[in-house]
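Just so it is clear, none of the values below were taken in a lab; they were calculated from the coordinates. Predicted model only: the values in this text are computed from it and were never measured. For neighbour counting, all protein chains shown are included, and Cβ atoms are generated from backbone atoms with ideal geometry for every residue, glycine included.
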Amino acid sequence: MSRQKIAAGNWKMNKTLKDGLDLVKDIRANTTSEEGVLTILAPPSVFLKAVAELVADAPHIRVAAQNCHQEEGGAYTGEVSVEMLKSIGVSHVILGHSERREYFGEGNELLARKVDRVLAGGLLPIFCCGESLPTREAEEHVSYVAQQLEEGIFHLSAEDFSKVVIAYEPIWAIGTGVTASKEQAQDMHREIRAMIQKHYGSEVAESTSILYGGSVKPANAKELFAQADVDGGLVGGASLKAPDFVAIIQSF
Ligand code: 13P
């Protein structure tokens with residue numbers, strides 16, 4: 001079964017409005033739907049509406065928020081709801097990024113609620129998982145990621161689960177320039193797919209897109225994306241430069 005190939009760009013807390021929109025225009029001008037890759041742009045929330053408007057008629061480009069609140073609405077000063085995101089043309093929400101887990105104390109229980117809220121609102125979660133260096137060195141990375149998935153998304157019905165994109169991002173590879181080797185990426189992606197198969201069966205497992213994240217660059221994207229269970233990338237730094245991100249999109 002063929003899976004959706006995805007190149008997602010997580011801008012994190014970078015860019016001004018003008019620089020961000022110039023980047024989007026550049027990416028749009030240099031990619032087409034014929035490449036068969038879904039490009040997902042995740043700018044900071046203040047730029048989401050402007051970015052969504054720029055790509056509204058580009059079927060191969062979608063827009064993701066980097067976070068959302070778990071409640072439907074109400075007195076949560078400073079927060080952004082799923083309904084708000086939906087109303088401005090956002091389709092996906094990144095949840096459980098290691099930076100949210102580490103700096104904002106987001107744990108699996110909270111993330112499960114956010115996942116539920118995103119799906120209930122009709123948007124699609126990009127659920128991040130991944131281990132720290134000490135966890136990998138202790139050879140506990142597979143069980144660590146299994147627990148993140150168990151507690152974060154495996155409570156979903158098969159129908160809801162089939163809307164989830166998974167991003168495996170080993171923390172030791174994020175922003176460090178140290179990319180997981182293609183074997184390390186493939187091994188973990190195969191493990192993750194096996195976990196999905198155990199819970200939801202082969203059909204769901206074979207159709208779930210699993211992205212790799214952590215120092216993806218034009219120089220390594222091709223070999224990573226060529227792995228049997230790597231369906232694309234969640235890209236940080238290299239998604240901030242149009243030529244690099246376009247090269248990554250064209251690496252499948
Ligand atoms: P880098 O590509 O900068 O390592 O960031 C990866 C990431 O965290 C994407 O969400």
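Those residues that are more than 14 Å from the chain's Cα centre (by Cα) and either among the hydroxyl-bearing types (Ser, Thr, Tyr) or crowded, with 24+ Cβ neighbours inside 10 Å (or both), I need them from region 220-252; list them, please.
221, 224, 245, 248, 249, 251, listed by residue number.
Scanning region 218-235 for residues that are within 12 Å of the ligand (Cβ to nearest atom), in a helix (DSSP H, G or I) and of a type in the set (A, V, I, L, M, F, W, C), which turns out nearest to residue 194 (Cα to Cα)?
224
Being part of a helix (DSSP H, G or I), in contact with a helix residue (DSSP H, G or I) (Cβ under 7 Å, 6 or more places away or on another chain) and within 11 Å of the ligand (Cβ to nearest atom) narrows it down to one of 238, 185, 146, so name that one.
Working: 185 fails: within 11 Å of the ligand (Cβ to nearest atom); 146 fails: within 11 Å of the ligand (Cβ to nearest atom).
Within the list 238, 185, 146, the selection yields 238.
Restricting attention to region 205-215, which residues are in a loop (DSSP other than H, G, I, E, B), touching a Gly at 6+ places or on another chain (Cβ under 7 Å) and over 16 Å from residue 183 (Cβ atoms)? Before the answer, list the steps.
Keep residues of region 205-215 that are in a loop (DSSP other than H, G, I, E, B), which gives 208-209, 214-215.
Narrowing the set further to residues that are touching a Gly at 6+ places or on another chain (Cβ under 7 Å) leaves 209, 215.
Result: 209, single match.
Say we look at region 104-140 and pick out the residues that are in a loop (DSSP other than H, G, I, E, B) and among the acidic types (Asp, Glu); which of these is surrounded by the most Cβ atoms within 10 Å (Cβ to Cβ)? Can you show your working first?
So in region 104-140, the residues in a loop (DSSP other than H, G, I, E, B) come out as 104-107, 121-123, 130-132, 138-140.
When the remaining residues are screened for being among the acidic types (Asp, Glu), the result is 106, 131, 139-140.
Numbers: 106: 19, 131: 23, 139: 8, 140: 15.
Among them, the one singled out is 131.
If you scan region 189-217, which residues turn out to be closer than 18 Å to residue 144 by Cα and within 15 Å of the ligand (Cβ to nearest atom)?
Residues satisfying the conditions are 210, 211, 212, 213, 214.
Could you check, for region 82-94, whether at least one of its residues is surrounded by fewer than 18 Cβ atoms within 10 Å (Cβ to Cβ), among the hydrophobic types (A, V, I, L, M, F, W, C) and more than 16 Å from the ligand (Cβ to nearest atom)? Walk me through it before giving the result.
At the first step, the residues of region 82-94 found to be surrounded by fewer than 18 Cβ atoms within 10 Å (Cβ to Cβ) are 83, 86-89, 91.
Okay, now just the ones that are also among the hydrophobic types (A, V, I, L, M, F, W, C), so 88.
Filter once more, so that each one left must be more than 16 Å from the ligand (Cβ to nearest atom): 88.
There is at least one residue in region 82-94 that is surrounded by fewer than 18 Cβ atoms within 10 Å (Cβ to Cβ), among the hydrophobic types (A, V, I, L, M, F, W, C) and more than 16 Å from the ligand (Cβ to nearest atom).
Tell me, which residue of region 155-179 that is surrounded by fewer than 17 Cβ atoms within 10 Å (Cβ to Cβ) and more than 16 Å from the ligand (Cβ to nearest atom) is nearest to the chain's Cα centre (by Cα)? Steps first, answer last, please.
The first filter runs over region 155-179 and keeps only residues surrounded by fewer than 17 Cβ atoms within 10 Å (Cβ to Cβ), leaving 155, 157-160, 162-163, 175-178.
Checking the rest, the ones that are also more than 16 Å from the ligand (Cβ to nearest atom) come to 155, 157-160, 162-163.
Details: 155: 19, 157: 20, 158: 20, 159: 19, 160: 17, 162: 15, 163: 13 Å.
That would be 163.
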